[in-house]
Amino acid sequence: MFEKLTFVVLVGLLGFIKAQYDFSEQKVNHVIWCTKSQAEQYKCQNLTVAIERDPALFDDALLNLTCFMAYSADECIHHIDHENAHITTLDAGDVFTAGRYNSLIPLMQEKFEGGFTNYHSVAVVKAGTLPDVTSLRELRKKRACFPWVGSMAGWIVPIYTLQREGGMEVVDCNNQVKTAANYFNDSCAVYSLRDKYNPIGDNSDKLCTLCTGKVPIGRCSASDPYFGYDGAFRCLLEAGDIAFLRDSTVFEMLQSPEFKTLSPERFQLLCRDGRRVPVSEFRQCNWGLIPSDAIVTSSARNALERKKYQQFLKKIMELYSDGLKEEPQNQGLTGNRGINYNNDNNNNYGRNNPYEPYDNNYNYNSNSYDPYNRNRNPNSGRNDRLDSSFSTERTEVFNESVTYEKFRIFESKRYGKTNLLFQDVAKSLAVINEDDQSFSKYLHSSIDYIYGLRECPVSAMTLCVTSDPEMDKCIKMRTALRAQILKPELICKKMHSHINCMQWIQSGKADIAVFDAGDVYTGGLKFDLIPFMSEVYNLGEPEYYVVAVAKEEDRDTELTYLKGKYTCHTGINTAAGWTYPMAYMISNGWIRPYGCDSVRAAAEYFTKSCIPGAISNEYNTGVPYDSMCDLCHGTSYRYCRRDASEDYYGHTGAFRCLVEGGGQVAFMKHTTVMESTGGKRKEWWARNTLNDDFELLCTDGKRAELQDYKRCNLGKVKANAIVTRGGMQYNETQINAYINLLTYAQQLYGRKNVDAFSFSMFTSPINYYDLIFQDATRQLKIIPPNQRRYDIYLGSDFMRARRITDCNAGSMKISASLSILLVLIIPLLTLRISF
């Protein structure tokens, strides 16, 4: 009985599940094709007409095709990524971008005559020109024509080759446009001013000078007459010295009405060894082999959808391509995948065609469907578009001659453009297996061109940090920079203290670290480190005000008399938490100096404090006083450590000590309280704090509101700085590479408001603060070369304050000077005695 009941329940449950979820095959009946121009949109719309006329021929492969017009490959990539479209065709260079940054995958790729799925990158010059060019190095300062920045044959392979064989120096490790602009003379490289290739906005317009589009939006854009491989060919004829093209481009252009009077002998290929050969010899004289264009879709599409797209496209090739059966008749000079190299004038299209080639004013039938109206119903009016885009063919039906229209998928000449939807020289499409549907497998060895283009003279930059939370953030930063292929490679190294980081940087085991002004002083004085970039907060300059903060309800605490108080400090020898407050109180006679022994002075004056690092022999070479760490909160080995593992370390840590740790006054930078109160911090200790709960302690014994920091402060100090090796180990190339990497990093990851899946350089995770960079940082600013010395950067006020609080301040420099003086004096004394 029990078994029967169980069986009935299971059957009922299965029935319920089946009712809720349909396990039958998912229906795929629609595909949206993203087109990249008006002409391509019109060809796509004509394809829909042909499909609607021949639905029975598609059998189970039929899909409802809709054409979605965009204006560039990048826009199509964006629309597919956001599921506004499903498929588009892309150049190999754009396939890398789409796959790496937008998770698009290749489904099929073009197949040429002979079954080849690749073509060659070639450099084309006009015959008889550039007599001085006998090697690639002589291309320096020549005028070049590129299809667009990022095209595989027209940009990536040429720049890669010139960097290795043509003497092109890498000017900017993360900006190919700057490197090319420094090498060539005035040129045309469409997109060279686009944000994608100009992320920090400082590209010159040198690579747009030859472009002829209308200003402001047409020049150097996809609508520029010199855009694309056909545009680069036109640029060569009219303005340039050399053009970087596909192996088929010259022959395609010479068969067009615009250039049919030109002969192939007017052009030559420039080989990598400096030779010149006819354009038909591209197999022996090329710069690289490249995968043919691919049809891509989103990786979010399931296996069934991808398979249906492939079947649909394959059927289109079968029905609307005559390339395979015409191959034997289209052999030209040396067989360039079906291109007829014999430049005859028997073109089956001409000036009488209503679609005048290279005329922007397409003569479309005003009564037919408008292909450019995206908002109109794509299914309406299609029967009116049976125009000369279709070839007329005749067939015998029941012994009668019947005329019908034949659409050709690999033909674009009737639209006044070339290579629309597909390359005109393509013959078919090759299916890419599901296991190979990734940009890396599609590109295969060609991906070396792309990554090689991003190689940097400085291979790596090692950042030294001092705590596990900082190490975690550094690793996330490294991952974020790798995602953008930024160079040099970031390497993270954790040491146990800032002093240890200074030693490692000096020895070359690390390269950079981010230091407080106090550590910039120590690193420069003892380890020859120099600051080269600095943080900028809300003042617009790399500096901040040092302030003393007390609770508004504690009226007994004033700056002029803090004897016996509980104090909170950012850390021993830090500028805001130690050097400035102690120097101010000692110089005003409020604290006994004990012979410039500020550690003893503080221990005798304050009752309890949290001064991270005060009992560490690396920072306090004198007597350790336990009372200087009594208020600290760290547990176990983290107790009173001078790094982020101590809860009360740093500016925010000092404020937290004031809020919850029993402190009566805290010394910090002027932005700290306002960054932490009023719900800006989510940690439990900051939840109930408001700006009005705290006040600034002024030097005249009065109090002020937090916003009045410019009047009520202990002085202005330089912001945290990024340091590296100086002195005898100074390397300008390395420093420029570090500056370049950090500049691009902050451009991409310097935003404050990011989601949980994004990285931000200037934000720390909950329960931590000021990891690596201060959370108050708004940008990093380059320190001028003439200020890259610790004493010049820090200024005279800091140097004076340091001498007040540190008996040994400058002693190393003084001892070094004395040593040099003795070296000079002793020989003179010896010489005098001998006489």
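The values are calculated or read from the model by the stated rules, or taken from the named source; none is laboratory data. Note that this is a predicted model, so its numbers are computed, not measured. Glycine gets a Cβ as well: all are built from the backbone with ideal geometry, and neighbour counts include every protein chain shown. SASA here: full protein model, heavy atoms, side chains in, ligands and nucleic acids out. Shrake-Rupley method; radii C 1.70, N 1.55, O 1.52, S 1.80 Å.
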>> Take the residues in the range 170-188 that are farther than 20 Å from Tyr101 by Cβ and of a type in the set (A, V, I, L, M, F, W, C); name whichever of them is most open to solvent (accessible area, probe 1.4 Å).
In response: Val171
>> The conditions are (1) open to solvent by less than 20 Å² (accessible area, probe 1.4 Å); (2) under 22 Å from Asp806 (Cβ atoms); (3) in the same structural domain as Thr607 (by the TED database), and Asn573 fails exactly one of them. Which is it?
In response: (1)
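Any residue at all in the range 10-24 that's open to solvent by 10 Å² or more (accessible area, probe 1.4 Å), touching an Asp or Glu at 6+ places or on another chain (Cβ under 6 Å) and at pLDDT below 95?
Scanning the range 10-24, I find no residue that is open to solvent by 10 Å² or more (accessible area, probe 1.4 Å), touching an Asp or Glu at 6+ places or on another chain (Cβ under 6 Å) and at pLDDT below 95, so the answer is no.
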>> Scan the range 200-211 and tell me whether some residue there is closer than 14 Å to Gly150 by Cβ, open to solvent by 30 Å² or more (accessible area, probe 1.4 Å) and among the hydroxyl-bearing types (Ser, Thr, Tyr).
In response: no
> Of the conditions (1) acidic (Asp, Glu); (2) touching a residue at least 60 places away in the same chain (Cβ under 8 Å); (3) surrounded by fewer than 17 Cβ atoms within 10 Å (Cβ to Cβ), Glu558 fails just one. Which one is it?
Replying inline: (3)
> Would you say Asp247 is among the acidic types (Asp, Glu), assigned by the TED database to the domain that holds Ser151 and surrounded by fewer than 22 Cβ atoms within 10 Å (Cβ to Cβ)?
Replying inline: no
> Is one or more of the residues making up the range 250-257 outside any loop (DSSP other than H, G, I, E, B), modelled with pLDDT under 95 and open to solvent by 10 Å² or more (accessible area, probe 1.4 Å)?
Replying inline: yes
> How many residues does the range 646-656 hold that are touching a strand residue (DSSP E or B) at 6+ places or on another chain (Cβ under 7 Å) and within 24 Å of Lys710 (Cα to Cα)?
Replying inline: 3
> Limited to the range 703-732, what total is found for residues that are among the hydroxyl-bearing types (Ser, Thr, Tyr) and at pLDDT below 95?
Replying inline: 1
>> Name the single residue that is farthest from Ile499 (Cα to Cα) among those in the range 577-605 being over 50 Å from the mean Cα position of the chain (by Cα) and aromatic (Phe, Trp, Tyr).
In response: Trp590
>> Of everything in the range 753-792, what is assigned to a loop (DSSP other than H, G, I, E, B), out of contact with any Asp or Glu (no Cβ under 8 Å at 6 or more places or on another chain) and free of Cβ contacts under 8 Å to residues at least 40 places away in the same chain? Give them in sequence order.
In response: Asn753, Val754, Asp755, Ala756, Phe757, Ser758, Ser760, Pro784
> Does the range 520-539 contain at least one residue that is touching a residue at least 60 places away in the same chain (Cβ under 8 Å), open to solvent by 50 Å² or more (accessible area, probe 1.4 Å) and more than 30 Å from Glu705 (Cβ to Cβ)?
Replying inline: yes
> Residue check, Thr479 against (1) touching a residue at least 12 places away in the same chain (Cβ under 8 Å); (2) under 17 Å from Gly750 (Cα atoms); (3) part of a loop (DSSP other than H, G, I, E, B), all met but one. Which one?
Replying inline: (3)
> Ser445 is checked against (1) surrounded by fewer than 19 Cβ atoms within 10 Å (Cβ to Cβ); (2) hydroxyl-bearing (Ser, Thr, Tyr); (3) over 27 Å from Val95 (Cβ atoms); (4) under 28 Å from the mean Cα position of the chain (by Cα) and fails just one. What number does that condition carry?
Replying inline: (3)
>> What pairs come out if I take residues in the range 482-506 that are more than 18 Å from Asn620 (Cβ to Cβ) and assigned to a strand (DSSP E or B) and pair them with residues that are open to solvent by 30 Å² or more (accessible area, probe 1.4 Å) and of a type in the set (D, E, K, R) whose C-beta lies under 9 Å away, six or more apart or interchain?
In response: Glu489/Arg478; Glu489/Arg482; Leu490/Arg478; Leu490/Arg482; Ile491/Arg478; Cys492/Arg478; Lys493/Lys509; Lys494/Asp468
> If you go through the range 157-169 one residue at a time, how many are farther than 20 Å from Leu210 by Cβ and surrounded by 22 or more Cβ atoms within 10 Å (Cβ to Cβ)?
Replying inline: 2
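Per-residue answers, yes or no, for (1) part of a loop (DSSP other than H, G, I, E, B); (2) on the phi < 0 side of the Ramachandran plot; (3) at pLDDT 95 or above; (4) among the hydrophobic types (A, V, I, L, M, F, W, C):
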site: Glu393; (1), (2), (3), (4): no, yes, no, no
site: Lys406; (1), (2), (3), (4): no, yes, no, no
site: Ile409; (1), (2), (3), (4): yes, yes, no, yes
site: Val425; (1), (2), (3), (4): yes, yes, no, yes
site: Ile447; (1), (2), (3), (4): no, yes, yes, yes
>> Go through (1) touching a residue at least 60 places away in the same chain (Cβ under 8 Å); (2) open to solvent by 10 Å² or more (accessible area, probe 1.4 Å); (3) not in a strand (DSSP E or B) for Tyr191 and report which single condition fails.
In response: (1)
>> Whether any residue in the range 282-291 is without any contact (Cβ under 8 Å) to a residue 60 or more places away in the chain, more than 22 Å from Ser37 (Cα to Cα) and either touching a Lys or Arg at 6+ places or on another chain (Cβ under 8 Å) or not assigned by the TED database to the domain that holds Val425 (or both) is what I want to check.
In response: yes
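Here is a yes/no grid of residues against (1) in the same structural domain as Cys474 (by the TED database); (2) open to solvent by 50 Å² or more (accessible area, probe 1.4 Å); (3) within 25 Å of Ile804 (Cβ to Cβ):
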site: Val599; (1), (2), (3): no, no, yes
site: Ala603; (1), (2), (3): no, no, yes
site: Cys610; (1), (2), (3): no, no, yes
site: Leu631; (1), (2), (3): no, no, yes
site: Gly663; (1), (2), (3): no, no, yes
site: Ala666; (1), (2), (3): no, no, yes
site: Glu683; (1), (2), (3): no, no, no
site: Glu705; (1), (2), (3): no, yes, no
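What number of residues in the range 668-681 are assigned to a loop (DSSP other than H, G, I, E, B) and either at pLDDT 95 or above or open to solvent by 50 Å² or more (accessible area, probe 1.4 Å) (or both)?
4
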> Going by the structure shown, is Ile782 open to solvent by 50 Å² or more (accessible area, probe 1.4 Å), among the β-branched types (Val, Ile, Thr) and at pLDDT below 90?
Replying inline: no
> Assuming Lys126 fulfils every condition listed in (1) over 30 Å from the mean Cα position of the chain (by Cα); (2) modelled with pLDDT under 95; (3) of a type outside the set (A, V, I, L, M) apart from one, which condition is it?
Replying inline: (2)
